[in-house]
Structures are given as C-alpha cells and as structure tokens.
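Peer 1: Here you go, one structure.
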Amino acid sequence: MFAAGLRYRTPRIRSCCSFQANSISKKTGQHMIEMRQIQVFLAISEHLNFSRAAEKIYLTQPTVSGHLKNLENFLKVQLVDRSGREVRLTSAGEIFLPFARRIFALQEKARKEMRLYAGAEHGKLEIGGSNTPGQYILPAVIGRFTQSRQQTKVTLRIEDSQSIIDLVGDGELELGLVGNPPTDKDFISIKCQGDELYLVASPARGRSISSPLSLETLRKLPFIIREKGSGTRRSMLSVLQQRGLTKLEDLNLVAEMGSAEAVRQAVKNDLGVTIISNLCVDEDLKNGNLQQLSLPDGPIKRDFYLIYNRDRRLSPLAELFKEYILNPEKT
C-alpha cells in the first residue's frame, strides 16, 4: 500500500508476463491475469484518463481500452466507471488496486533478482585478509574461484586484522578473512579454516634450548612479536595468558614487526624467537631453516573468521564467493 498523499507512478513493463488465476473467462478464453492488463489498469488508476494512460505506457488508446475490458471480463466486475464526463475507479476497482500494485511490484522484484542472479558470475569483488590468511589462504581460493569465472575480477587487500575489520565495517570491502573475529554486533563472523601457532627459533638458537619449555624459560627468551592490531598477536597473548603469562611485559621483547614475513626473516637471522602461523613457516621447518620448539601444553590452535557487515546486503558475487570458501566441495 502507498502512503496517503503520494501518487503511484506506473512502472514501465519490459516483458509481458502472466499471473495465474482460478477461473477462465468464457468471453476471451483467458486463463490468467496478464501483466500487461495490470499495467494498463495501474496507468488508468494513476491518470484517470485513457489518453494519458495510453501515452504513459506507449500503447494506443483502443489497445488500452481493450486490455481493460478483457481484465474486467475475466474478473467479472467493472473496475473503471467511464460512463460520465470523468473517469473514476469503481468500488471493485478500489479493492483491486492494492492487489494490482503488489502483483506488479512482485514481478518487478522477481525480474531484478533474476538479473542479479544471472550476473552473479560477472563483475568485480573486493575482499580483504589479515596477513596470514591474506597471504597463505586467500590467493589459492581466489585462483580456484576465478578459474571457471573468467569474467570475474577479485581484488584482495591485505592488512592487519583490525584494519580489515574497519574496512568491512565502513563498506570499502564486502568480505574479510581475519584471525580474530570482531566483537561488534554489526558484524557476522563465520568460522572458516584455521591454522596452528608454533614457537620457532633459528636452528642455532633452537639447539641451545631444552625442550619442553617451562614458563620460566619462555619468559627469558628474546621475543619478536607482531604489531598491535594483528590477529596473531592477539591470539598469542590470549593463549599465553591462559598458560600463566598474564601480561605482555612478562616476555623479553626485543622487536615488534608489521608483517609475518618480517618476523620470519628476523627469526631466521637469529634476532630472537616468535610465535607464528604454521602456514608461514612450514617450508622453513621442512628445509631446516627454522626449528619448532615445544610450547607448554602444546601448539596453539586457531580459527580464521569470514566476516561481513550485518547491515549491508552482499552482492550476488560476494554471496557466491562466501558459499565457495565456506563449502568448496559443493561449489
């Protein structure tokens, strides 16, 4: 229904569709209400003038009259009184008007949704990833996703977790994959893949450290950590607090760095030890360039989270990517 005082504008129909009814008109052999008839009726109800209604929807006046007559015959009621000098809706017409509006609006909505669906595998998608999933998970996922969708372009932005959360919240990115979910209720966060955080050192340093480590030994090791806003840093601190290190100052901090790669290179060059994703160092561990040390109570398991803004509707392409990364075997 439309608010009082507002005039209804007749949409222009692009295709002739039909709406099923329960009876058949004996006069016309018509089996259902035709969308063109709905459009004609709406144009007449708006202008209350057959000539202007015909001009509005690019039909001749006799064609408009014919469509209206067929609709009235099918419904077995008179919708428009044209006996006097002015055209007006009958009581039956007034009753039918809100239904006609809803029918036409519904077919327009259906048409738009199908156009969106048909274009879902075309266009541009902007997503973000915090350092670890952005470098070690999303590139492979994007490659597989776009391989069969040649008309799709995906742009990946890599920042720390908090920056990605902010960009998704501001609408600059549709989706983000981060190491720590946002606490804000404006976001939807879904667990999506994961990793393990390892304590690693250079082989030379690792050989001098007895294993398994005690908390006291861990406090004395020269530690390299990620920057504020990093999901790895927050996960590391959260788990270490659970294991007895209550604050950052309990560690012997020697450096803070802005990326996993910088931390990895610093550890390989024996600046200190770090806790880092297994995704970042698996090759180094296999090749003997780094050594894994045993954390008290074992390695740290971590989930990644696919996030998006609760108040913003995802584009069809973003919906398609979301389903792909959450259920790759089904897509």
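Every number in this text was worked out from the coordinates using simple rules, so none of it is lab data. No experiment lies behind these values; they were computed from the predicted model shown. Please note: Cβ atoms are built from the backbone with ideal geometry, for glycine as well, and neighbour counts cover all protein chains shown.
Peer 1: Mind checking the dipole of region 195-301: about its Cα centre, +1 per Lys or Arg Cβ, -1 per Asp or Glu Cβ, Debye to the nearest 20?
Peer 2: 160
Peer 1: Okay, moving on. Remind me, relative contact order of region 195-301 in percent, using alpha carbon pairs under 8 angstrom and six or more residues apart?
Peer 2: Answer for region 195-301 is 52 percent.
Peer 1: Quick one: what are the phi-derived ³J(HN,Hα) couplings along region 219-230, Karplus 6.51/-1.76/1.60 with θ = phi - 60°, whole Hz, x for glycine and proline?
Peer 2: For region 219-230, the Karplus-derived couplings read 5, 8, 5, x, 9, 10, 10, 7, 6, 4, x, 6 Hz, x marking Gly and Pro.
Peer 1: For the chain, give the magnitude of the charge dipole about the Cα centre (Cβ charges: +1 Lys/Arg, -1 Asp/Glu; no others), in debye to the nearest 20.
Peer 2: Dipole size: approximately 1700 debye.
Peer 1: Got a sec to turn the phi values of region 64-72 into Karplus ³J(HN,Hα) couplings, 6.51 cos²θ - 1.76 cosθ + 1.60 with θ = phi - 60°, whole Hz, x for Gly and Pro?
Peer 2: These are the phi-based 3J(HN,Hα) values: 4, 4, x, 4, 5, 4, 5, 5, 5 Hz.
Peer 1: Something else now. If a/c stays under 1.5 just call it rounded; otherwise compare a/b with b/c (prolate if a/b is bigger, oblate if not). Do that for region 195-301, with a ≥ b ≥ c from the square roots of the Cα gyration tensor eigenvalues.
Peer 2: Rounded shape, in that the Cα axes give a/c under 1.5.
Peer 1: Report relative contact order for the chain in percent, whole number only (criteria: Cα-Cα under 8 Å, sequence separation at least 6).
Peer 2: This gives 18 percent for the chain.
Peer 1: Using +1 at the Cβ of each Lys and Arg and -1 at the Cβ of each Asp and Glu in the chain, identify which of N73, A54, L253 lies farthest towards the dipole's positive end.
Peer 2: Of the candidates, N73 comes out farthest on the positive side.
Peer 1: For A92 and K69, what is the calculated FRET efficiency with R₀ set at 22 Å and r taken between the beta-carbons, to the nearest 0.05?
Peer 2: Using R0 = 22 Å, I get an efficiency of 0.95.
Peer 1: Given Cβ point charges of +1 (Lys, Arg) and -1 (Asp, Glu) and nothing else, what value in debye, to the nearest 20, does the dipole of region 18-118 about its Cα centre take?
Peer 2: 140
Peer 1: Normalised by the number of residues in region 18-118, what is the relative contact order in percent for Cα pairs under 8 Å and 6+ residues apart?
Peer 2: RCO, region 18-118: 24 percent.
Peer 1: Another question about this same structure. What is the distance, in nm, between label points placed 7 Å from the Cα along the Cα-to-Cβ direction at N289 and at E172?
Peer 2: Roughly 3.1 nm, to one decimal.
Peer 1: Can I ask one more? Which option, [x] 1.21; [y] 1.29; [z] 0.98, is the value of Rg/Rh (Cα atoms, Kirkwood Rh) that was calculated from these coordinates?
Peer 2: Checked against the structure: label [y].
Peer 1: Run lengths n ≥ 4 of DSSP H only: what is the helix-derived mean residue ellipticity at 222 nm for the chain, with -39500 (n - 2.57) per run over all residues, to the nearest 500?
Peer 2: Computed ellipticity for the chain at 222 nm equals -13000 deg cm²/dmol.
Peer 1: Stretched out fully, how many nm does the piece from E261 to E227 gain, at 0.36 nm a residue minus the Cα gap?
Peer 2: Using 0.36 nm per residue and subtracting the Cα-Cα distance, I get 11.0 nm.
Peer 1: Could you list, in their original order, any pairs among K191/K322; K191/K301; K109/K322; K109/K185; K228/K286 whose Cα atoms are separated by more than 18 Å?
Peer 2: Going by Cα-Cα distance, K109/K322; K109/K185; K228/K286 fall outside the 18 Å limit.
Peer 1: I would also like to ask the following. By what distance, in whole Å, do the Cα atoms of region 18-118 stretch along each of the three principal axes, largest value first?
Peer 2: 48, 30, 24
Peer 1: Stretched out fully, how many nm does the piece from S210 to E126 gain, at 0.36 nm a residue minus the Cα gap?
Peer 2: Stretched fully, the S210-E126 segment lengthens by 25.6 nm.
Peer 1: Whole-Hz Karplus ³J(HN,Hα) for region 77-91, in order, using 6.51 cos²θ - 1.76 cosθ + 1.60 and θ = phi - 60°, x for Gly and Pro?
Peer 2: 9, 8, 9, 10, 8, 10, 7, x, 6, 10, 8, 8, 7, 7, 4
Peer 1: Please name whichever of L314, G169, T274 sits farthest to the positive end of the charge dipole of the chain, dipole taken about the Cα centre and charges placed at Cβ: Lys and Arg +1, Asp and Glu -1.
Peer 2: The listed residue farthest towards the positive side: L314.
Peer 1: I would also like to ask the following. Where does each of 213-221, 63-71, 125-133, 230-238 land if you order them by average Cβ count within 10 Å, highest first?
Peer 2: Going from most to least packed, we get 125-133, 230-238, 63-71, 213-221.
Peer 1: Extending each Cα 7 Å along its Cβ direction at L248 and N327, get the distance between those two points in nm, one decimal.
Peer 2: For the pair L248/N327, the computed spacing is 4.1 nm.
Peer 1: Label-point separation (nm) for E108 and T217, each offset 7 Å from Cα along Cα-to-Cβ?
Peer 2: Output for this residue pair reads 7.2 nm.
Peer 1: Moving on to the next point. Among 289-297, 106-114, how do they line up by average Cβ neighbours within 10 Å per residue, starting with the highest?
Peer 2: 289-297, 106-114
Peer 1: Compute the separation of the alpha-carbon centres of region 163-211 and region 41-102 and state it in Å as a whole number.
Peer 2: 62
Peer 1: Take the Cβ-Cβ distance between Q61 and R115 as r, set R0 to 35 Å, and report the resulting FRET efficiency rounded to the nearest 0.05.
Peer 2: Using R0 = 35 Å, I get an efficiency of 0.65.
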